[in-house]
Amino acid sequence: MKKVKADPKGVLTGAHYLDGDHALAEGALAAGCRFFAGYPITPSTETAERFAERIPKVGGVFIQMEDELASIAALIGAAWGGKKVMTVTSGPGFSLMMENIGLACMLETPLVIANVQRGGPSTGLPTLTGQQDMMQVKWGSHGDYEIIALSPDSPQECFDLCIEAFNLSEIYRVPSFVMTDECVGHMHEKVVIPPAEEIELVERKWYKGPKDKYLPFKPDEDMIPFMVKVGDGYHFHVTGLTHDERGYPVINAECQNVCVPHLVDKINMNADKIIKLEEDETDNAEIIVISYGITSRVTTRAVRKARKAGIKVGTIRLITVWPFPEKRIKELAKKIKAFVVPEINYGQVVYEVERCAFGQAPAIRVPHCGGWVHDPEDIFKAIKEASK
Amino acid sequence: MKEEDRREGKNPIENLLRMDRIPHIWCPGCGIGVVVTSFAEALRKSEIDLDKTAIISGIGCTGRVAGYVKLDSIHTTHGRAVPVATGLKLANPELKVVVFSGDGDIAGIGGNHFIHAARRNMDLVIICVNNFNYAMTGGQVAATTPISANASTAPFGNFEYPFNLPYLAEASGATYVARWTALHLRRVTKSVQEALGRRGFSFIEVITPCVTLYARRNRLGDGLNLLKYYYEKSEIQHGADTKTLDISYQGKLIVGKFVDKDKPTFLDCMNEHLGKVLGDKYEPYGGNHD
Amino acid sequence: MTEIRFSGFGGQGIIRCGLIAGKALSLFDNKQATMTQSFGPEARGSACSSQLVVSDDRVLYPYISAPEILVSMSQEAYDKYEPELREDGLLLIDKDLVKPKPPRGKIKSYSIPSTRFAEELGNRIIANLVMLGFFTAITRVVSPEAMKKALPGLVPERFLELNKKAFDKGYEYGKKILAEEKKPKTSKQKVKK
């Protein structure tokens, strides 16, 4: 993994008062993103607008495509053309992208998608918050694959995690997602953008060997294949069909059972390196509240109240939601009374917690179908109930 | 042709194909291979930098072309070859990007992408093999199936109006539009050469028999006869008004080069416009900076 | 922690008010300020609002629930948002555009002809800046220096001086009102933290 410093051209060093959507664009530009293709959709449009405004001044391209199908397709083309690429969307657009998210996974293409989540299903609540695409991001395209998904809790983290998403997508040659939501996306707060030399980026894993020996899908020691870009003279082929290391289609069970496990294993076997959590007082906790994104901030209020009431509560904030911190949850499940999982949906990640807890501790959901963040009181009540 | 190739009796276009993937999947008598040959011949003749030429396909019988041509090649999803090509072209404007796909892919499921890329005069070469049906899936009715022609999902004959692709392309903004049948080998080659040599959205439709499904179901004959059938039904009318190019069942096929005009491409417009409005703040965009 | 709502009708620069105050507090007054606003066609109606949660520490709950301060620049916004104002809150209104109901609880009410002042300065579009100056003087939540520092980038550059002038106008008017207040004790009322 070759580390490089950010190009100062894209880095708007200083303190700013930005909303999460704009911070995403700044994070991407700082990470070296020079190609954006997107389609307007509330509540993510501000990111596209910021790109349209900023990218012509840093030597990149912005294009508003005809729909989200085209946006993600253009990203795949541009990534293979050598660019760092990003798009942003929300629920309905995210659904449209699913087909080519699968292609991006199959072609092991580094790209970043931000989903500023709103209430669903269907058109749902265009202008109001939700965290209802958390399972879709992992399972939404057909077939078996893995992705990386991060969840920022503030405009500052939209900036920080967008850079992280770019780095992870390059390291693992995988689509990476910033799963934010309307609340964070539209919320203005202070965002500090560091000087370029303090922003560490990962360079794409370029192949440098002989031209006729390049194999686009041959895993290296770290499981990740090398990449080349179109125009470098390798005359390579990649396909969304089940393929061998050469990228040639091979339509049989044998090839499928090499091709697909690789897509899953390269993420799962590196999960410890990828996962970032924020734990607080989990060591002696009886109850652990697991949350992510804006919900974790709201949760803190409830947890403070519960602690005042004498309940031993710990918290885990999932900065990385996928891959899931399976090991850690398993470990903690043995020691605690219950997990409490508030999220702005009718129950999604809570079932992953339940799976990992493996019957050792119940996972109690605190559902909220979107439109607003939780009332901290509801989370407090769930903690209190769980501690009985 | 290199001397050693001549000694081995190699076809001159073999260097342009992934011979390790031959035999291909197409049916005997299928016209797609013929179009690929004409295309490869154009690549050879045009002397463009093959390292800087890429081919993108979608899904379907013609969608497999990207897998057989020895260029940087991406076999994408159904209908999405054009937007993938758009992204690739914009990432590196030095590249010549060719989309090689079928009528179902380009005009059916990918129709929206097609018209928008044409509208932008995106600098792409689109080669559309039109065989009047969805062949890979077994001969279903398509957006190009002539009225009254039979298809597996139009078992009593098609009653929907089909697209006139050259008209659609021109109306959407394409700056080069041609149509041939597969057996117009040299004409196809020449059109591809012209398209590779120009800038802007170029569209070449090639009418091609689907021996196994469309032709059999419609009792149009087989193999070489069928290639000849289309060829013989055709009439060259260069510069014909694209409005007049509807294809009727077993009717006359008007072919030729209909449109060839200069117009600034997407990137020309972007650079010119942003340069004018933003002045020094604009960094002219011209490709990879590495 | 202080919760503030700016309200009025679309086009008055209500969102801008939240942005300017939020930026001033966050970047120049060493506070943490989270600004949210209403979006979409449902929000575009006649009552428009932006909300600020201000705190010395991190803002955990991003929305306001019962604001201490309500700024209303239109009757409809006032009618819509006044009921949620705390019993001990501060109400700031445009004198000519809002007819307040009889006082409720311990709410202290201040008014300024912000739109009229703005017109006198040459453009009614800067009424929001007059109101912000007034807001700064009356509430003391944010320093006038920070507010002025926050303006570049949030108002058109060629109107920066005019905006500052509008701010000063409102600020001085607010100071004057406070000085004239008969009960000096309540005039120094600072918003409860």
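The values are calculated or read from the model by the stated rules, or taken from the named source; none is laboratory data. It should be emphasised that the depicted structure is a prediction, and the values quoted were computed from it without experimental measurement. Every residue, glycine among them, receives a Cβ derived from its backbone with ideal geometry; neighbour counts consider all protein chains shown.
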Hey, B:R80 over 20 Å from A:T87 (Cα atoms) and at pLDDT 95 or above or not:
no
| said: Kindly evaluate A:Q360 against the criterion of being of a type in the set (S, T, N, Q), surrounded by fewer than 19 Cβ atoms within 10 Å (Cβ to Cβ) and either within 23 Å of A:G185 (Cβ to Cβ) or touching a helix residue (DSSP H, G or I) at 6+ places or on another chain (Cβ under 8 Å) (or both). | reply: yes
**Request:** Report whether or not A:A74 is assigned to a helix (DSSP H, G or I), facing chain B (nearest Cβ under 8 Å) and either within 19 Å of B:P93 (Cα to Cα) or of a type in the set (A, V, I, L, M, F, W, C) (or both).
**Result:** yes
Reported set for the stretch A:370-388 where residues are within 18 Å of A:G314 (Cβ to Cβ) and not basic (K, R) is A:P376, A:I379, A:F380, A:A382, A:I383, A:E385, A:A386, A:S387
Considering residues that are more than 14 Å from every other protein chain (Cβ to nearest Cβ) and buried (at least 21 other Cβ atoms within 10 Å of the Cβ), the number found within the stretch A:94-111 is 1
Counting only residues in the stretch C:109-123 that are crowded, with 16+ Cβ neighbours inside 10 Å and touching a residue at least 40 places away in the same chain (Cβ under 8 Å), the one farthest from the chain's Cα centre (by Cα) is identified as C:L121
Here the residues within the stretch B:12-51 that are in contact (Cβ under 8 Å) with a residue 40 or more places away in the chain, more than 14 Å from every other protein chain (Cβ to nearest Cβ), more than 20 Å from B:V129 (Cα to Cα) and in contact with a Leu (Cβ under 8 Å, 6 or more places away or on another chain) are B:S46
Only one of A:L29, A:L24, A:L18, A:L69 is under 22 Å from the mean Cα position of the chain (by Cα), at the interface with another protein chain (Cβ under 10 Å from one of its Cβ atoms) and within 30 Å of C:N30 (Cβ to Cβ), namely A:L18
Determine if the stretch A:240-247 includes at least one residue that is surrounded by fewer than 21 Cβ atoms within 10 Å (Cβ to Cβ) and away from chain B (no Cβ under 14 Å).
no
Of (1) within 11 Å of chain B (Cβ to nearest Cβ); (2) more than 24 Å from B:I74 (Cα to Cα); (3) among the hydrophobic types (A, V, I, L, M, F, W, C); (4) crowded, with 24+ Cβ neighbours inside 10 Å, A:V58 satisfies every one except (4)
Of the listed residues (B:F132, B:F159), the one being touching a helix residue (DSSP H, G or I) at 6+ places or on another chain (Cβ under 7 Å), farther than 21 Å from B:D260 by Cα and either away from every other protein chain (no Cβ under 14 Å) or part of a helix (DSSP H, G or I) (or both) is B:F132
message: Can you confirm whether B:R216 is within 19 Å of the chain's Cα centre (by Cα) and basic (K, R)?
response: no
Might you check whether a residue that is touching a helix residue (DSSP H, G or I) at 6+ places or on another chain (Cβ under 8 Å), within 16 Å of A:P152 (Cβ to Cβ) and basic (K, R) occurs anywhere in the stretch A:303-318? yes
Of the residues in the stretch B:187-210, those that are over 22 Å from B:K261 (Cα atoms) and surrounded by fewer than 24 Cβ atoms within 10 Å (Cβ to Cβ) number 0
Quiz item: Looking at the stretch A:77-93, is at least one residue part of a helix (DSSP H, G or I), within 7 Å of chain B (Cβ to nearest Cβ), more than 20 Å from A:C33 (Cα to Cα) and of a type in the set (A, V, I, L, M, F, W, C)?
Solution: no
Whether any residue in the stretch A:199-217 is within 14 Å of chain C (Cβ to nearest Cβ), surrounded by fewer than 22 Cβ atoms within 10 Å (Cβ to Cβ), modelled with pLDDT of 95 or more and in contact with an Asp or Glu (Cβ under 7 Å, 6 or more places away or on another chain) is what I want to check. no
Expected single match for outside any helix (DSSP H, G or I), out of contact with any Gly (no Cβ under 9 Å at 6 or more places or on another chain) and among the hydroxyl-bearing types (S, T, Y) among A:T127, A:T109 is A:T109
Given the conditions (1) in contact with a strand residue (DSSP E or B) (Cβ under 8 Å, 6 or more places away or on another chain); (2) touching a residue at least 24 places away in the same chain (Cβ under 8 Å); (3) within 22 Å of A:G20 (Cα to Cα), every one holds for C:G10 apart from (3)
Of (1) in the same structural domain as A:P92 (by TED's automatic domain parsing); (2) over 30 Å from C:G22 (Cα atoms), A:L128 fails just (2)
Take B:D262 and tell me if it is touching a residue at least 60 places away in the same chain (Cβ under 8 Å), under 23 Å from B:T145 (Cβ atoms) and of a type in the set (D, E). no
Counting only strands (runs of 3 or more DSSP E) entirely within the stretch C:1-113, those with at least 2 residues that are within 11 Å of chain A (Cβ to nearest Cβ) and at pLDDT below 95 are none
For the stretch B:129-145, the count of residues that are surrounded by fewer than 24 Cβ atoms within 10 Å (Cβ to Cβ) and farther than 19 Å from B:E160 by Cβ equals 1
Residue pairs qualifying under the 6 Å Cβ cut-off, at least six apart or on distinct chains, with the first in the stretch B:81-110 being under 25 Å from B:G33 (Cα atoms) and the second being in a strand (DSSP E or B) and polar (S, T, N, Q), are B:A81/B:S57; B:A81/B:S101; B:K96/B:T53; B:F100/B:S57; B:S101/B:S57; B:D103/B:N130
Only one of A:L12, A:L24, A:L18 is touching a strand residue (DSSP E or B) at 6+ places or on another chain (Cβ under 7 Å), more than 30 Å from A:D232 (Cβ to Cβ) and in a strand (DSSP E or B), namely A:L18
Quiz item: Is at least one residue of the stretch C:65-78 in contact with a Phe, Trp or Tyr (Cβ under 7 Å, 6 or more places away or on another chain), within 20 Å of C:L178 (Cβ to Cβ) and among the polar types (S, T, N, Q)?
Solution: yes
Of the residues in the stretch B:87-104 that are under 15 Å from the mean Cα position of the chain (by Cα) and buried (at least 24 other Cβ atoms within 10 Å of the Cβ), the one that is farthest from the other protein chains (Cβ to nearest Cβ) is B:D103
Filtering strands (runs of 3 or more DSSP E) wholly in the stretch A:273-328 for at least 3 residues that are surrounded by 17 or more Cβ atoms within 10 Å (Cβ to Cβ) and modelled with pLDDT under 95 gives none
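Condition check ((1) closer than 30 Å to A:V4 by Cα; (2) modelled with pLDDT of 95 or more; (3) within 14 Å of chain A (Cβ to nearest Cβ); (4) touching an Asp or Glu at 6+ places or on another chain (Cβ under 9 Å)) across all residues:
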| site | (1), (2), (3), (4) |
| --- | --- |
| B:V206 | no, yes, no, no |
| B:G223 | no, no, no, no |
| B:E235 | no, yes, no, no |
| B:D246 | no, yes, no, no |
| B:P264 | no, yes, no, yes |
